[in-house]
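Working notes, structure below.
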Amino acid sequence: MLKHAIPVIHCTSSARAEQFYCRLLGFDRRFAYRPQESLPDPCYLGLLRDGAAIHVSSFPGDGAVGSAVYVVVDDVDTLYKELAGRGVQISLEPTDQTWGNREMYVDDPDGNSVRFVQEGG
């Protein structure tokens, strides 16, 4: 039985990605795997916020920059106020989509799109 899926987003710098996802978007780092602890990259990060998991990797072959991840939220407008208050650049402000969702998009430093979605009824 399927339980859940965890997207893997590619980054070019794990330090820059961790700062963006943790400091700006409010995720917590659960783990960081580095084959050589003395080097910042390659690195595979496990991030979590409110039960939503995202993995970010600078390992070659783990995805490609420019990807998108869809994160379901309870209230996109409240999240918008939080993120805007932290100085996050919003690429799509909360918008009612024709398919019934209310969505907000932000781009990470590598151009990956994090799409916060309040699903319609």
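Under the rule of -39500 (n - 2.57) per DSSP H run of 4 or more residues, summed and divided by the residues of the chain, what mean residue ellipticity at 222 nm is obtained, to the nearest 500 deg cm²/dmol? Don't skip to the answer; put the middle values down first.
Numbers: 2 runs with 15 residues, N = 121.
Theoretical 222 nm ellipticity from helices: -3000 deg cm²/dmol.
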Estimated inter-spin distance, TYR105 and ARG23, nm [label 7 Å along Cα→Cβ] = 2.6 nm
Helix axis angle, 76-85 relative to the chain longest principal axis, alpha carbon, degrees = 60 degrees
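Need the full-extension length gain, LYS3 to ASP75, defined as separation in residues times 0.36 nm minus the C-alpha distance. One decimal, nm.
On the way: separation 72, 0.36 × 72 = 25.92 nm, distance 2.36 nm.
Result: 23.6 nm gained on full extension.
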Cα-based equivalent ellipsoid of the chain: semi-axis lengths in Å, sorted from largest, via gyration tensor = 26, 16, 13
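Any read-out appearing in this document is the output of simple, stated calculations on the displayed coordinates, not a laboratory observation. None of these values were measured; they are calculated from a predicted model. Cβ sites come from the backbone with ideal geometry, for glycine too, and all protein chains shown count toward neighbours.
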